[in-house]
Each structure stands twice: as C-alpha cells, then as structure tokens.
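One structure below.
The values are calculated or read from the model by the stated rules, or taken from the named source; none is laboratory data. Owing to the predicted nature of the structure, the values given are computational and were not obtained by experimental measurement. As a convention, Cβ positions derive from the backbone with ideal geometry for all residues, glycine included, and neighbour counts pool all protein chains shown. Surface accessibility is based on the protein's heavy atoms, side chains included, excluding ligands, DNA and RNA. Shrake-Rupley method; radii C 1.70, N 1.55, O 1.52, S 1.80 Å.
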Amino acid sequence: MYIGSDVTEQSLELVRNGDYQGAISLLSGADGAEQKALLALAYFHQEDYANASTFYQQALELEPNNADWEDMASLADENVAAGAHLTIPPYRTFNKDALLAGPNPGTLPTPGPKPPAPTGFREFEIVLGNGLGVVCTAVMEGVTEAYGGLAGYRDRVWTNWYKRPTTLGVLTLAYMRNRLNKFNLKDTYPTSVLTAFQPPNLQPPQGATHFRTADGSWNNFANPMEGAAGTRFPRNIELSDVKPETGETLMTPNPREISEALLQRGDTMKEVPFLNMFAASWIQFQNDDWVNHGERLLEDFHEIPFAEHDPARVKYGQTSLKVGKTQSDPTRMEGSEPAAATFINEVTHWWDGSQLYGSDQKTQDYLRSHESGKMRMNVDGTLPRDERGMEESGMVRNWWIGLSMLHTLFVREHNAICDRLAQTYPDWDDNRLFNVARLINAAVMAKVHTVEWTPAVLPNPGLDMGLNANWFGILTNLFKKGKNRKTVADVNIRNAELGGVVGNPIDKHGCHYGLAEEFVEVYRLHSFLPEVLQLKRLNQDQVEERPFVSTRQLGAAKLSQEMSMTDLFYSFGNQHPGQLVLNNYPHFMRQLSIPGNPVFDMGAVDILRARERGVPRYNEFRRQLGLNPIATFEDLTDDPAMVAKLKALYDNDVEKLDLLVGTLGEGTRPTGFGFGETMFQIFILNATRRLQADRFYTDDYDAEHYTQEGLDWIDDSDLKTVILRHYPELADSGLANIKNAFEPWDKERDLKKERHPLREWNGEVKDNPWVGDLYR
C-alpha cells in the first residue's frame, strides 16, 4: 500500500502535536521507508519500544545506512532490555500529614548491659587524651585562625591553598572550612521550631540510644526528626538569597541550547587516566544514601522550547521538552518561612547506608531475611528480584549495573558482618545482629568514601592528608602507617584535627544537620559516565562493548545473569570514566528514555533544576561561599574557542553563567583535581559535617554501640579488602597490585604516576612530584 507525502506530513504533524495514536492509525499499512520510520517514531513516543524497533528495522531494510534510524532502532532495543517504560520505584508524591507525623522508629532491639567503666591504665589513657584535647583544640584553633587570617586563601580569582607547602596548605583548608561552618549553614525551618514541626519533649523509644532507625529519626534526642527522611534540605547560602527562577529568566539562556553547545560530548570521551569506573558508580551509590527529591511531578511541568535548528525536531518530531517540576514542600507555613522555597529529601540525610536498607521501616523489613540478622539474597549471591525481574534494594531509582554491583557487594558485606558477630555473640537474636551489622557496614562505606574515593578523585597530597586526618587524626597518620592505623587511638586526643572527627565529640556548629540543596547541585557528575561499558572476563584480553543504556533498570539483572560478578568487577576496574569538563556529557543521557518522557535531555534538566530550586548562578554562588567572582569569561578558561561560545550563549554577561557550566568550565584547578574549586567548597564543608554531626560517628562511635569486633572490622576494611573478601579470585587481577581500588587495576610492577598520582610504598602515601594538568 502506497501512502503519499500528504499523509506523511499529516502524520508528522500529529506526532509533533502529541497525537501518537492518530499517527499510528493514519500510517497503518505503510510500506515506504519514511512512513515506516515515522510509524516507528510514533510507537517510540508511546513507549512501545518493541514495535518501534520492529518498524525502524523494516525502514532500514528498505533504505539502509540512515544514521538517525539506526540510532533510534538501537535505542529502542536498549529500552526494551532495560524496561525503560517502567516506573521504578512506583510513583508517589509527598504527603503533608505523613511528613508531619513524626518518627517511625520501628522495633529496635533492647541494648545490652552497659560495659564496666574503664579502670587503671585505660582510665589514665582516656583522661590523658581528654586533657591533651583541651590544650590541642585551643592551639589548633588559634594557629588556624591566625595563619588563615594573615595569609589569606584567595588570589585575584582563585584560591591558593594548594600552592603552599603541604602542612600550610592543610591549615589553609582548615581555615576555609571554619569559615564555611560559620557563615554557610542555614536551617530552612522557621526559627525556634524543631525539624518537621515536631512537638517538644518527645521521648525516644527503646533501642534508639544504641541503634539507627529506618527513617533516620532519633539521631538527636532533643530534635528527633533532624536528618530524617521526609525533612527539608537546608541551604549553604543566605536564605534571603534563595530565589527560584521563573518565567523568562528560567529559560534564559535556553537550557537545551546550553546542553547542545556546551555539554554535548564529541565523538570520543575525554577519559580520566587515574580512575576506574568504580569512581563513577561509587558516587551515585553514596548520593542515593544522602539525597533525593523524589519523583518529578507528572501533570505540572516546565516546557523547554527547541530551537528551529535543534536536531531533535527532525529526529524525534519534538518541538519542546516537557520537564515535570520538582515536588513542592507541602509542610510550608506561608508567612512565617525564612526562605522563598523549600524542598523535601526523600531519603535520610545521614551516612547510614539507607541506599541498602531503605529510608522507611516497611522497606527495611521487606529487605531483611529475619534470620541471623541478614539481608535477603539469592543462593547465587545476587540481589533478590521482583516479579518483573527488577533487583530489590533500599533505593533503586536511576538503577544500572554499576549500582547493582555495589549494592550486591555491600549486602554481602552486611551478611558477612552478621556471621562474624554471631560467632562472638551466639545468644544475640536476629534483630540485634541486624542493627549492629548495619552500624558497622555504614561506617565501612563512610571510611571508603573519606580516605579512598575522595583522594582518588582529587589526588593532591594536602587534601589526602586532610581527609585521612578527618578519619584517623593527624597524630595517628604521623605515627602509624597502613593497616596499623586505628580509627580511635588508645590515647585518643579529644580534638577533631589531631585525634580525628570519628570517635570525638559531636559538633553541629550551631545548625541542625541536613544535606543542603547546594550539595545536591554540585554532585551532578554525569560526565563520569561512558557511552558503552567495556566488558571483560578475568585476565582475558577480549572486550565486549555493551551500551550503557541497556544496563539500566531490568538490564542490570540480565547482565549479572550473563556475566559473573567477578568478571563485572574486573571490567570496571579496567575501564576509565569521563572527565568532569565541558563538552563531555554522555550522548545517551541527552536522549534518555524515562517513563512519560521517551526523549529526555538530562543535560538540559541539570541546568533547569538549579534555576528552579533557587541555587544561585555561578558568580553569585561563589560570592555566597566566600570566593571571588570571575570578571570575564577569560577568567574561567583560557580556551579561546570555549570563551567565544560562552560569550555568545550568555550574551557576554558572566552573571548569567550557570553553576554547572561554570564548574565544568573551570580551567584553573587545584593540583591533580578532577573537579574545580567551586564544587570543592561544598565538598570541604560537608565531608567533615556528615561525620561530625552524627552521634554514631562521634560520641557513640565506641565498643558499646559497635562492639570491639565491629570497630576492628572497620579498621581492617577498605574497598580492596571488601571486594576480595567476597570475590577472592580477583586476587589474580591487577587489584592485588594496587592499594586504592578506585585506581586502574594495573599489573605493572612500576606503577605510572599518570595513572597512580598518589603513589604509595609500604602503605605510606608520599608527596607526589606530578603536577601535570590532565584537564586542560
């Protein structure tokens, strides 16, 4: 049956107007290549990806080598594999009554008997540590403030801490962090009310003194919903300057045009030579523990218009991108709110492993086996799956194989911890084993992130020293090396710098704890992700390239059934992520298919979200954090072609520059840094605060809460040991040759400094001579 050009035009108009079923009806019986491709496009927009693939293939049989059709056919196939049309997890919105209902701690175990008070020499060690802590704190605060105040931390535009000798650089970092703690912690609840508007004098339930609750409540007995799921994001800027953009300013410059010109990746991804793919999957694994705004609204959306020359008009038949708005905060009390807009965190703010365990009691109970304290797993050591084949865990939104691997690893780690505890405490019941194992497992993840992931991504000797001081303390790092270091020393100096944050007193710096809206924005690290995953079998040279998109959602479990976890871990250890720079944003994320949006440009959405949520644009963001603004685009980068593009898009006005574009575009970066100094401000503020504000990492980090076996387990663990504990066959890979598992798993005896910039000998990190800039 021949369908004429007039019907083709009518069908295309129907697609543009969103009447996909009308286009399908009009094109039924189509036998021309163009009509079959248009029919496929209509099915694609209906999220019927199987039919879309079929008709694109038929169109290509009639007219081969059409690049757009080939791309769309492949994308349709990948979406079928991923179940891209499925809403995972099920869609839900925030409910005011539920958010104000208060803590839901579930049933926690009864704490064991309090251990006897220390006596003799142990009592003397504690008294000595406390006394030295008082003196050392006064000295450290005085030295830090005096040096930082006199020496300063800013040149004309950029900070200068990394240009100084390592010790002075660390002092400068401490001064910068002190300033941020003093000026940039802002609670978004009205003054003098408790978090989530809870009534005063609530009494903690049994067990809350010793165990984490599922919803994150009762970390603070005086403010039980502080840091809990369903509470507001605080801010790191002045609340009077929280100004969500609307109308014309929200779309200026057009987010899609920014994505096209400044984010779109070229033909080849720019790689980071000193990282492997675990660096990319790990940060999403951690972010899922910390922050999530929940699902976007379905019926209320922003509309980003596509320019006349936008390729999406031809390829997808779309004239705009509809982006569901961020869910609003239903607990706002208009007229008494300190900020113009507030938003709710779906997950707990604490570093508590909620991505594994869930942020509500129902999810946690479902994921537990209720035997021996363990989490449910399949007999083959993989995650359980639901009736659709989707893996089950505490947070499965935006799921892909990299998350599947890390969730599998740390669920297995939880169960191994339960086995260790059961050996020593055979009389413990399931509930107590589970809750103590959760404490230990969460601390292992926090340690890995603090002393391994961050130095790997930002390989600078001064920063490495500062982060290890956060966990162990400066004195432990000076006098103990490698596996001999203990998180809490025998003589524990009661000072955050010298004795470490962990195991020392809690300090919230006068502001209720939560992870800020600005924190969410600086962790938009999508440029890490490649287009394809390079899959290998252990110690084999053959490489299979698998499109990233096909490993999403249902595709993750399918891949883990095809390949062993051992081979998947080996593959990730030997593939590089992308650089966090402009024009390196993944292609697949700029044409992503999600439920309700078969074509979704995440690059444009990333730009939109910061504006929508009132996060300042780049220059104002820097001012708010005590940094100097740029005066010209030439201050940002010395790449003349990039400067020209920036000037054209932003009308030569640096004040319009978006935060994401500015942070990716920073050409001046601290030595070895994978991202620039603007993002780093939020990082140095929160890297310490996540630990220092949590009583389970401070006042309650002790044998009474964790057991001595638990504390020893944490001290003995790093990512390498965790991986080898569960996949010992990887000892025959390059993992055995390196210390930091986020570095490339190279087998060479002499590790190249470009791939291992913080080279290590005998467990001791040395200042490295490498000063090359891999990001220019």
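With the Cα gyration tensor of segment 14-53 giving a ≥ b ≥ c as the square roots of its eigenvalues, does the rule (a/c under 1.5 for rounded; else a/b larger than b/c for prolate; else oblate) give rounded, prolate or oblate?
Oblate is the answer for segment 14-53, as a/c is 1.5 or above yet b/c matches or exceeds a/b.
Along the positive direction of the dipole of the chain (beta-carbon charges: Lys, Arg +1; Asp, Glu -1; about the Cα centre), which of GLY381, LEU38, LEU735 reaches farthest?
Positive-end residue among those listed: LEU735.
Ranked from the most accessible area to the least, with a 1.4 Å probe and all protein chains present, what is the order of LYS270, LYS163?
LYS163, LYS270
What ranking of LYS508, LYS322 comes out by heavy-atom accessible area, probe 1.4 Å, highest first?
So, going from the largest accessible area down, we get LYS322, LYS508.
Straight-line reach only, C-alpha to C-alpha below 20 angstrom: list the lysines that LYS374 could link to, leaving out same-chain residues fewer than 8 apart.
List returned: LYS362.
Just in segment 353-440: which GluC sites (Glu not before Pro) are loop by DSSP and have at most 12 other Cβ atoms within 10 Å?
Loop-located and lightly packed - GLU371, GLU387.
Could you pull out every one of the lysines with an alpha carbon less than 18 Å from that of LYS447, ignoring same-chain neighbours closer than 8 positions?
LYS480, LYS481, LYS483, LYS486, LYS720, LYS739
With only Lys, Arg, Asp and Glu charged, each at its Cβ (+1 for the first two, -1 for the last two), find how big the charge dipole of the chain is about the Cα centre; round to the nearest 20 debye.
Once rounded to the nearest 20, the dipole reads 2220 debye.
Would you work out which of GLN553, SER564, GLN579 lies farthest towards the positive end of the dipole of segment 446-583, given +1 charges on the beta-carbon of Lys and Arg and -1 on that of Asp and Glu, about the Cα centre?
My answer, from the dipole projection, is SER564.
List the aspartates and glutamates whose Cα lies under 12 Å from the Cα of LYS753, skipping any in the same chain that are fewer than 8 positions away.
GLU743, ASP767
Which loop GluC sites (Glu not before Pro) in segment 262-358, with loop taken from DSSP, have no more than 11 other Cβ atoms within 10 angstrom of their Cβ?
When the GluC sites (Glu not before Pro) of segment 262-358 are filtered for loop state and at most 11 Cβ neighbours within 10 Å, GLU299, GLU308, GLU334 remain.
Using the alpha-carbon centroid of each, what span in Å lies between segment 214-256 and segment 124-199?
When both Cα centres are located, 24 Å separates them.
State the Cα centre-to-centre distance between segment 265-315 and segment 331-374 in whole Å.
Between the Cα centres of segment 265-315 and segment 331-374 lies a distance of 24 Å.
Treating the beta-carbon of each Lys and Arg as +1 and of each Asp and Glu as -1, no other charges, what is the dipole magnitude of segment 167-229 about its Cα centre, to the nearest 20 debye?
320
Looking at the chain, send over the antiparallel percent of its DSSP beta bridges, to the nearest 5.
Beta bridges within the chain, antiparallel portion: roughly 95 percent.
How high is the relative contact order of segment 702-750, in percent, counting Cα pairs under 8 Å that sit 6 or more residues apart?
RCO, segment 702-750: 23 percent.
Let me check I've understood the local charge: for THR144, count other residues with C-beta under 12 angstrom from its C-beta, Lys and Arg +1, Asp and Glu -1. What total comes out?
Charge balance in the 12 Å sphere: -1.
Write down the accessible area per residue of the chain in Å², having rolled a 1.4 Å probe over the full set of protein chains.
Solvent-accessible surface per residue comes out at 38 Å².
Charges on Cβ only, +1 for Lys and Arg, -1 for Asp and Glu, centred on the Cα centroid of segment 432-517; of PRO459, THR476, LEU515, which one is farthest towards the dipole's positive end?
Value: THR476.
Rounded to the nearest 500 deg cm²/dmol, what is the calculated helix-only ellipticity per residue at 222 nm for the chain, with -39500 (n - 2.57) per DSSP H run of length n ≥ 4?
It comes out at -12000 deg cm²/dmol, rounded to the nearest 500.
Two decimals is fine: what is log10 I(q)/I(0) at q = 0.12, 0.17, 0.22 Å⁻¹ for segment 647-752, from a Debye sum with one equal scatterer on every Cα and no solvent?
Values returned for q = 0.12, 0.17, 0.22 Å⁻¹ are -0.77, -1.01, -1.11.
Enter the angle in degrees (range 0 to 90, nearest 10) between the Cα long axis of helix 602-612 and the first principal axis of the Cα atoms of the chain, meaning the one along which they spread out most.
It is inclined by approximately 60 degrees.
Just how large is the dipole of segment 11-82 about the Cα centre, in debye to the nearest 20, putting +1 at every Lys and Arg Cβ and -1 at every Asp and Glu Cβ?
It works out to roughly 180 debye.
Spin-label point model (7 Å from Cα, Cβ direction): what's the GLN708 to ASP365 distance in nm?
Going from the GLN708 label point to the ASP365 one covers 3.7 nm.
With a 1.4 Å probe and all protein chains left in place, how much of the accessible area of the chain comes from carbon and sulfur atoms, in whole percent?
Answer for the chain is 51 percent, counting heavy atoms of protein chains only.
Report, in whole Å, the centroid distance computed from the Cα atoms of segment 95-113 and segment 515-543.
First find each Cα centre; the distance between them is then 35 Å.
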